[in-house]
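Visitor: My questions will all concern the structure given below.
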Amino acid sequence: MKRLLLICLTGCLLSVSAGNASAGTKDSVDTEGIRRGRFALVCGAAASTLGASYLYLQNTWWKEKAQAFHFDQGKDLKYAINIDKFGHFYGGMLASDLYSQALRWCNFSKEKATLYGAGFGTFVQLAIEVKDGFAPRWGFSPWDMIAGSAGSLYPVGKMYVPFLRTTDVKMSYFKRSNHYFESVNPHARANAWNDDYINQTYWITFKPNAYLGEYAEKWWPDFLAVAAGFGVDTEMDGNGAGNLEFYLAFDYDLPALFPPERKVWRTIAHYVNYFKFPAPALRFSPTFIAYGAYF
């Protein structure tokens, strides 16, 4: 549920930063200076979305009477068998990347925008965890904080580490089971997909052409990638039960479908590329299953 704040925030910033595709900014320094009008718009969008998300969470996630600040006592490491940590990483990555793209639209240099985006994503994660620290049923989770901060720093890593530039982190969701809504959290809204880890899968994708060189260009398309997936099965009960699922699947690098000069389409593909689309897959654990198309 906490990641709803990050998702709402990034969705709002997406509508602002989408203009980056036609802004014509370069990857070098901000030679023309910061565009203050755009920067004010980005700050206003971020502040208003943060405020609205805070009020929503205050009346749902944090509605109980606050108590003295405390740390999580270990329950956090049992819930969803830590697949939720991928969710925090993913949320931090989205907030960081979308905010940095919005700053690029404001004519910040790529390096500054990426670093500020990482700081922003980390700040949002810290604010959530501190607030959790005063909630009776929760507590400040160092592991959630680490996972969210790592996700916020992932775009920075992609800027400096060549290997990371050949990877992407994605999520897929397909409602295969009602177990979460019937047993784990019967009070959840029917569309509360964001906490339904049983039907979520997180993916780390790799681009083979980056490793195979010119030889692969003849037989491996640039847009075709390979992904390792992680999930939890229907044995999950929120208290430590459940089995981890491991997948290997094909994936699609959507921006690679468009040439560099098609900036608008590549920008749209960049955002859509946060989500993994159905493709042939193999599940290796807890049992072996072959899928013609795994959603």
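Visitor: Go through the range 203-215 and report how many residues are more than 17 Å from Y90 (Cβ to Cβ), surrounded by 15 or more Cβ atoms within 10 Å (Cβ to Cβ) and among the aliphatic types (A, V, I, L, M).
Guide: The number of residues fulfilling the criteria is 1.
Visitor: Find all pairs meeting these conditions: Cβ atoms under 9 angstrom apart; at least six residues apart or on different chains; first residue within the range 150-162 and farther than 16 Å from G121 by Cα and free of Cβ contacts under 8 Å to residues at least 40 places away in the same chain; second residue in a helix (DSSP H, G or I) and not aromatic (F, W, Y).
Guide: Once the first residue is farther than 16 Å from G121 by Cα and free of Cβ contacts under 8 Å to residues at least 40 places away in the same chain and sits in the range 150-162, its partners that are in a helix (DSSP H, G or I) and not aromatic (F, W, Y) give P162/A210.
Visitor: OK, next. How about the range 194-272: which strands (runs of 3 or more DSSP E) wholly inside it have at least 2 residues that are within 22 Å of T287 (Cβ to Cβ) and touching a residue at least 60 places away in the same chain (Cβ under 8 Å)? Even if it seems obvious, please write down each step before you answer.
Guide: Values: elements: 200-206, 224-232, 244-252.
Passing ranges, in order: 200-206, 224-232.
Visitor: State which residue is surrounded by the most Cβ atoms within 10 Å (Cβ to Cβ) when the search covers only the range 279-295 and only residues that are in contact (Cβ under 8 Å) with a residue 24 or more places away in the chain, touching a strand residue (DSSP E or B) at 6+ places or on another chain (Cβ under 6 Å) and not aromatic (F, W, Y).
Guide: Ranking the qualifying residues of the range 279-295, first place goes to A281.
Visitor: Quick check on my filter: what residues within the range 235-265 are crowded, with 18+ Cβ neighbours inside 10 Å and either over 18 Å from T167 (Cβ atoms) or not charged (D, E, K, R) (or both)?
Guide: If we filter the range 235-265 for residues that are crowded, with 18+ Cβ neighbours inside 10 Å, which is where we start, we get 236, 242, 245, 247, 249, 251-255.
Result: M236, G242, E245, Y247, A249, Y252, L254, P255.
Visitor: Filter the range 29-69 down to the residues that are part of a loop (DSSP other than H, G, I, E, B) and free of Cβ contacts under 8 Å to residues at least 40 places away in the same chain, then identify the one that is nearest to W105 (Cα to Cα).
Guide: Taking the range 29-69 and keeping what is part of a loop (DSSP other than H, G, I, E, B), we get 29-35, 59-69.
Checking the rest, the ones that are also free of Cβ contacts under 8 Å to residues at least 40 places away in the same chain come to 31, 59, 63.
Values: T31: 13, N59: 34, K63: 37 Å.
Only one residue tops the list, namely T31.
Visitor: Hey, another quick one. Please give the number of the condition V169 fails out of (1) assigned by TED's automatic domain parsing to the domain that holds Q67; (2) modelled with pLDDT of 95 or more.
Guide: (1)
Visitor: Please tell me if D97 is crowded, with 17+ Cβ neighbours inside 10 Å and under 21 Å from K75 (Cβ atoms).
Guide: Numbers: crowded, with 17+ Cβ neighbours inside 10 Å: yes; under 21 Å from K75 (Cβ atoms): no.
Here the answer is no, as D97 does not meet what is asked.
Visitor: So K112 fits all but one of (1) within 15 Å of S141 (Cα to Cα); (2) surrounded by 15 or more Cβ atoms within 10 Å (Cβ to Cβ); (3) charged (D, E, K, R); what number is the exception?
Guide: For K112, the failing item is (1).
Visitor: Surrounded by 15 or more Cβ atoms within 10 Å (Cβ to Cβ), closer than 26 Å to P155 by Cα and in the same structural domain as P142 (by TED's automatic domain parsing): is that true of L57 in this structure? Before the answer, list the steps.
Guide: Values: surrounded by 15 or more Cβ atoms within 10 Å (Cβ to Cβ): yes; closer than 26 Å to P155 by Cα: no; in the same structural domain as P142 (by TED's automatic domain parsing): yes.
Criteria not met by L57.
Visitor: Condition (residue is assigned to a strand (DSSP E or B), among the small types (G, A, S) and either touching a residue at least 24 places away in the same chain (Cβ under 8 Å) or surrounded by 17 or more Cβ atoms within 10 Å (Cβ to Cβ) (or both)) applied to the range 181-189: is it met by at least one residue? Show your work before the answer.
Guide: Narrowing the range 181-189 to residues assigned to a strand (DSSP E or B): none.
Checking the range 181-189: not a single residue is assigned to a strand (DSSP E or B), among the small types (G, A, S) and either touching a residue at least 24 places away in the same chain (Cβ under 8 Å) or surrounded by 17 or more Cβ atoms within 10 Å (Cβ to Cβ) (or both).
Visitor: Specify the residue that is modelled with the lowest pLDDT; the eligible residues are those in the range 172-200 that are among the charged types (D, E, K, R) and under 26 Å from D97 (Cα atoms).
Guide: The first filter runs over the range 172-200 and keeps only residues among the charged types (D, E, K, R), leaving 175-176, 182, 189, 195-196.
Retained after the next criterion (residues that are under 26 Å from D97 (Cα atoms)): 195-196.
Details: D195: 85, D196: 91.
If we take residues in the range 172-200 being among the charged types (D, E, K, R) and under 26 Å from D97 (Cα atoms), then D195 is modelled with the lowest pLDDT.
Visitor: Please tell me if K112 is of a type in the set (K, R), farther than 25 Å from K75 by Cβ, part of a helix (DSSP H, G or I) and in the same structural domain as F39 (by TED's automatic domain parsing).
Guide: Values: of a type in the set (K, R): yes; farther than 25 Å from K75 by Cβ: yes; part of a helix (DSSP H, G or I): yes; in the same structural domain as F39 (by TED's automatic domain parsing): yes.
So K112 passes the test.
The values are calculated or read from the model by the stated rules, or taken from the named source; none is laboratory data. These numbers were taken from a predicted model, which means no experiment stands behind them. As a convention, Cβ positions derive from the backbone with ideal geometry for all residues, glycine included, and neighbour counts pool all protein chains shown.
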